[in-house]
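Accompanying notes for the structure given below.
Every number in this text was worked out from the coordinates using simple rules, so none of it is lab data. All of these numbers come straight from a predicted model, not from anything done at the bench.
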Amino acid sequence: DAEACLARTPWGVTLALTGDSLAGVLQLDTARCQEDGAGYIPFCYITPQRRGQGLGVQLIGQAVSVFRPMGRDRLRLRCAPYNQRAQQFYRKYGFYKVGEEANSRVPLDILEKYIGYER
């Protein structure tokens, strides 16, 4: 899936580094949710030793900088409802639950954040 995202755009997979060390990964799918006007984030991850240092919001900012010029006015992603740390992070940065993933092996909330210029 990551290879397909990378084939569509050079921003399909972004690595976050601190020095020479991997700190996180952001995957963006420019095809999925396009018809809804949303930019889809299949994967957003910060390594455990780098969490709580403000890197996650930088990855979300990267997603905004890719999807907003494409005319997308929302970011969309899935998050396990029991992953309280991730749920809290996404709420802090303006994501809210808009639904639940159907036909998933595990329960997943669908979260969105408005990224348009006017509201």
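How high is the relative contact order of region 1-81, in percent, counting Cα pairs under 8 Å that sit 6 or more residues apart?
Dividing the mean separation by the residue count of region 1-81 yields 25 percent.
Taking 0.36 nm per residue of sequence separation and subtracting the Cα-Cα distance, how much length would be gained by fully extending the chain between A2 and Q88, in nm to one decimal?
Here the segment from A2 to Q88 would lengthen by 28.4 nm.
Find how much the distance from Y45 to K97 grows on full extension, using 0.36 nm per residue of separation minus their present alpha carbon separation; answer in nm with one decimal.
16.8 nm
GNM on the chain, C-alpha springs below 10 Å: top fluctuator among Y96, Y40, Y82?
Residue with maximal mean-square fluctuation among Y96, Y40, Y82: Y82.
Taking just the alpha-carbon atoms of region 57-108, what radius of gyration and Dmax come out, in angstrom?
12.3, 34
May I have the extent of the alpha carbons of the chain along their three principal axes, as whole Å values ordered from largest to smallest?
Ordered largest first, the chain gives principal extents of 38, 32, 32 Å.
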